[in-house]
Amino acid sequence: MKRLLLLFFIILGSNIQAQPEKSDKLYFSDALVMHLPKYNQEAKDAYRHRQFKEADRLFDTFVETKLKGTYIDNFKFLNLKGKEVALYNYKKPVYLLTYASWCIPGKGEIPALNELADKYRDKIEFVILFWDKKETARKLSKQFNSHINVLYVDETRNNHAYVVENLKHSLGLPTCYLIAGDREIMDIQRSVFHPFNISKKESFELNYEAINSAITDNLIENSTKQEPINLSVISPE
């Protein structure tokens, strides 16, 4: 009888130890539920009064105090073959940039992304997410090189409402999510906005510097001194 009791407690103890510990991670979607309504109201007031610097400050503060350090959800998108792709399928850190066909990037932004995707292809997954139909995403994908993963979500089909609500309607676009290998959000940034009358070379340099800094500050450990920018990727005006 004693042996049976002893065996029972051994089995019980091993089962308890085998159970995974409850995760104390805060996920991105949960943080939005808790904090997005207040941010939206404050940002709406700032834009209504044309206080654009205050609106930028509110966004930066919201990201810094409420979203950085949370963990991105395992959102699911579609690739250009129509196959579902989960964000957690990527094992490297992820540079995720959300776009739409009507949101025109700066003239040097895509060349800068292509150059940096070449540079960091062994360390980072570059993902461009279009809020568009498959045909539009396929057409736009031709601008990006083979080291950039182009995905899309067709909002009109209403199959990805959860993703749209959390990634598009929460922070707008274009928005960049810098996601570490363990899926922690290191930072969330908006694209570089500059006057349209600057040259393609100037636009490229501004975007390259901003994107490269975001990557080395958040996704690359022990980053080395920045290498010279390859301006040969810029085609003549």
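The values are calculated or read from the model by the stated rules, or taken from the named source; none is laboratory data. A quick note: this is a predicted structure, and the numbers were derived from the prediction, not measured. Here the Cβ positions follow ideal geometry from the backbone for every residue, glycine too, while neighbour counts run over all protein chains shown.
Numbers below:
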| quantity | calculated |
| --- | --- |
| Condition check for Asn89: farther than 24 Å from Asn207 by Cα, modelled with pLDDT of 95 or more, surrounded by fewer than 15 Cβ atoms within 10 Å (Cβ to Cβ) and in contact with a Leu (Cβ under 7 Å, 6 or more places away or on another chain) | no |
| Hits in region 179-198 - residues which are outside any strand (DSSP E or B) and at pLDDT below 90 | Ser191, Val192, Phe193, His194, Pro195, Phe196, Asn197, Ile198 |
| Filter result for Asp30 (modelled with pLDDT of 95 or more and not in a helix (DSSP H, G or I)) | no |
| Within region 81-138, tally of residues that are over 26 Å from Thr156 (Cβ atoms) and among the small types (Gly, Ala, Ser) | 4 |
| Members of region 91-119 that are of a type in the set (Ser, Thr, Tyr) and within 16 Å of the chain's Cα centre (by Cα) | Tyr95, Thr98, Tyr99 |
| Qualifying position, being modelled with pLDDT of 95 or more, under 21 Å from the mean Cα position of the chain (by Cα) and among the acidic types (Asp, Glu), among Glu64, Glu42 | Glu64 |
| Region 23-36, residues that are closer than 14 Å to Leu171 by Cα and exposed (fewer than 10 other Cβ atoms within 10 Å of the Cβ) | none |
| Matching residues, region 159-184, being under 21 Å from Glu84 (Cβ atoms), buried (at least 18 other Cβ atoms within 10 Å of the Cβ) and of a type in the set (Val, Ile, Thr) | Val163, Ile179 |
| Near pairs, Cβ below 9 angstrom, 6+ apart or cross-chain, from region 147-175 (of a type in the set (Asp, Glu)) to any residue that is exposed (fewer than 15 other Cβ atoms within 10 Å of the Cβ) | Glu155/Ala161 |
| Verdict on Lys201 being over 12 Å from the mean Cα position of the chain (by Cα), crowded, with 17+ Cβ neighbours inside 10 Å, more than 23 Å from Glu64 (Cβ to Cβ) and of a type in the set (Lys, Arg) | no |
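Residue by residue, here is whether (1) outside the structural domain of Met34 (by TED's automatic domain parsing); (2) modelled with pLDDT of 95 or more; (3) acidic (Asp, Glu); (4) within 20 Å of Ser213 (Cβ to Cβ) holds:
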site: Ile110; (1), (2), (3), (4): yes, no, no, yes
site: Lys119; (1), (2), (3), (4): yes, yes, no, yes
site: Asn149; (1), (2), (3), (4): yes, yes, no, no
site: Tyr162; (1), (2), (3), (4): yes, no, no, no
